[in-house]
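Colleague: Before I ask anything, here is the structure I am working with.
The values are calculated or read from the model by the stated rules, or taken from the named source; none is laboratory data. Bear in mind the structure is a predicted one, so any value in this text is a computation, not a measurement. All Cβ positions, glycine included, derive from the backbone under ideal geometry; neighbour counts span all protein chains shown.
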Amino acid sequence: MTKVLLATDGSAHSVRAAQSLRKMAERDQTIEVTVFHVAPLPDLTTPAAAGAPVPNPLLPDTYAQAQAERALSVTLAALGLPPERARGSYVIGVPGEAILAEARQGGYDLIVMGRRGLSPLKELLLGSVSQVVLHRAPCPVLIVP
């Protein structure tokens, strides 16, 4: 069995990564996939983080869960594997760190993720999740453009 962690944010980049992984999984029936979403921690500069009323009636945890379910649903559909070979999971945290923690704890053989299209300046200032994972992962990483 080959355990693969497919990191997703539900974007077109993640869908392309899922489609690439589907092709690999069709050739290798031993591949089992965990589609993994990280809902980012609340931004501490928002009014809600400061305790101000939130205009959205959904609580932050409920909103994070809804976003995670959408990202997982879209990515699992693009992956197209039967439930015995693919499952979804999500956490709330810092995306790069949470992906690395899941990879270590789950004993994955491969991490697959899409490359997020940050501008060169934003990537320089903010870094990118794929760079963090690529440089610190405990296993091989496939970045799908």
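Colleague: So how many residues does segment 101-117 have that are surrounded by fewer than 21 Cβ atoms within 10 Å (Cβ to Cβ) and out of contact with any Asp or Glu (no Cβ under 8 Å at 6 or more places or on another chain)? Working first, answer last.
Modeller: Of the residues in segment 101-117, the ones surrounded by fewer than 21 Cβ atoms within 10 Å (Cβ to Cβ) are 101-102, 104-107, 109-110, 115-117.
From the residues that got through so far, the ones that are out of contact with any Asp or Glu (no Cβ under 8 Å at 6 or more places or on another chain) too are 101-102, 104-107, 109-110, 115, 117.
The total comes to 10.
Colleague: Can you give me the number of residues within segment 118-145 that are at pLDDT below 95 and surrounded by fewer than 15 Cβ atoms within 10 Å (Cβ to Cβ)?
Modeller: 11
Colleague: Taking the stated definitions as given, is ALA7 crowded, with 17+ Cβ neighbours inside 10 Å, touching a Phe, Trp or Tyr at 6+ places or on another chain (Cβ under 9 Å) and over 12 Å from MET113 (Cα atoms)?
Modeller: no
Colleague: Right, next: Give the number of residues within segment 88-109 that are small (Gly, Ala, Ser), outside any helix (DSSP H, G or I) and under 23 Å from ALA78 (Cβ atoms).
Modeller: Final tally of qualifying residues: 2.
Colleague: What number of residues within segment 56-113 satisfy the criterion of being aromatic (Phe, Trp, Tyr) and farther than 24 Å from LYS23 by Cβ?
Modeller: Residues in segment 56-113 being aromatic (Phe, Trp, Tyr) and farther than 24 Å from LYS23 by Cβ: 2 in total.
Colleague: Would you check which residues across segment 13-28 are without any contact (Cβ under 8 Å) to a residue 24 or more places away in the chain and more than 15 Å from VAL141 (Cα to Cα) and list them?
Modeller: LYS23, GLU26, ARG27
Colleague: What is the one condition in (1) modelled with pLDDT under 95; (2) part of a helix (DSSP H, G or I) that SER73 does not satisfy?
Modeller: (1)
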